[in-house]
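What follows is one structure encoded as structure tokens, with my remarks underneath.
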Amino acid sequence: MNRLVTLCMLALCAVSFAAPARADLKVFSCEPEWGALLAELGGDKLDVAVATSALQDVHVIEAKPSLIAKVRRADLVVCSGAELEIGWLPQLVRQSGNPKIASGDGSFMAADQITTLEKPTQLDRANGDVHPGGNPHFQMDPHRVLAIAKALSARLAKLDPGNAATYEQRLADFSARWSAAIPRWEAKAAPLKGRNVVVHHASWIYLTTWLGMHEIGSLEPKPGVPPTSAHLATLVDTTKSQNTLAIIRAAYQDPKPADWLSERTGVPAVTLPFTVGGDARSKDLFSFYDSTIDTLLGAIK
């Protein structure tokens, strides 16, 4: 009998050791860049569901049942904030019925951790799709990404104190690699300083400010308003005369307006990844920045 009990206990132990490690926190990430940052900071301690891809316009996501189910299971929601997700995230949170992520520690808005650019002094829908909390596309500035990483790591440790040492160690490792990469990127991008670009949407200010570039026009007549033939025609002379480096768009945006202007000015239309997964090379945050800078440098004649 004792031998039988011993064998049963050994069998249970074997099953226990063979079982895969369980992720302690379930996290819902609105955008790919924050999903990638969570992977850096949490590794297998986190079960991360990313709501969108680089080929989607994050302003206009549908609140599908599959996303509601993911939010319902989440311990933490990580999003850009600054009302970037205003058209769908509140609906997901409401329909999920999950009180943990409605507010407080279970809700992490990256915009709240930094100082944003282009914060409007007055709100007027006549000015297009403006964000009261400032421009929400700060994933293009590595300095702000590092500040967000530190705040996010602290939040993970607060929600999951049993793994706090792991989060601290992974933050230290990420911070060291990221801090080493920033001067490398800046040195490589030096030829871009002072160069002019035309943009599709007002989503590049953090990148152009960081690299010392200048935005001289936008394909959209106002933020969020689709390009029109009349407006594009007004950009032809400016684009030709200002020694413009490139006409840039994100991977998810319609290439036709940029191609139209490129054909009439001889300025190359360039597609940038905009976030992790935006091209074949951008598999994580580091390669996303590498690809962005190399693509811009490739436009130099």
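A few notes on this one:
- So ALA14, is it modelled with pLDDT of 95 or more and either acidic (Asp, Glu) or not in a loop (DSSP other than H, G, I, E, B) (or both): no
- Some residue of region 250-257 being touching a residue at least 24 places away in the same chain (Cβ under 8 Å), assigned to a helix (DSSP H, G or I) and farther than 21 Å from VAL60 by Cβ: no
- Considering only residues in region 165-213 that are touching a Pro at 6+ places or on another chain (Cβ under 8 Å) and under 24 Å from THR265 (Cα atoms), the one that is most open to solvent (accessible area, probe 1.4 Å) turns out to be ALA202.
- THR52 passes every criterion in (1) in contact (Cβ under 8 Å) with a residue 24 or more places away in the chain; (2) open to solvent by 10 Å² or more (accessible area, probe 1.4 Å); (3) out of contact with any Leu (no Cβ under 7 Å at 6 or more places or on another chain); (4) assigned to a loop (DSSP other than H, G, I, E, B) apart from (1).
- Within region 214-249, restricting attention to residues that are open to solvent by less than 20 Å² (accessible area, probe 1.4 Å) and touching a Gly at 6+ places or on another chain (Cβ under 7 Å), the residue that is farthest from PRO120 (Cα to Cα) is THR239.
- Residue within region 288-299 that is farther than 18 Å from PRO191 by Cβ and free of Cβ contacts under 8 Å to residues at least 24 places away in the same chain present: no
- Any hit, region 259-273, residues being modelled with pLDDT of 95 or more, closer than 25 Å to GLN139 by Cβ and assigned to a helix (DSSP H, G or I): no
The values are calculated or read from the model by the stated rules, or taken from the named source; none is laboratory data. Being a predicted model, the structure only gives us computed values, none of them experimental. We place every Cβ from the backbone using ideal geometry, glycine too, and count neighbours over all the protein chains shown. The protein model used for the area step is the full one, side chains on, heavy atoms only, and it has no ligands, DNA or RNA in it. Shrake-Rupley method; radii C 1.70, N 1.55, O 1.52, S 1.80 Å.
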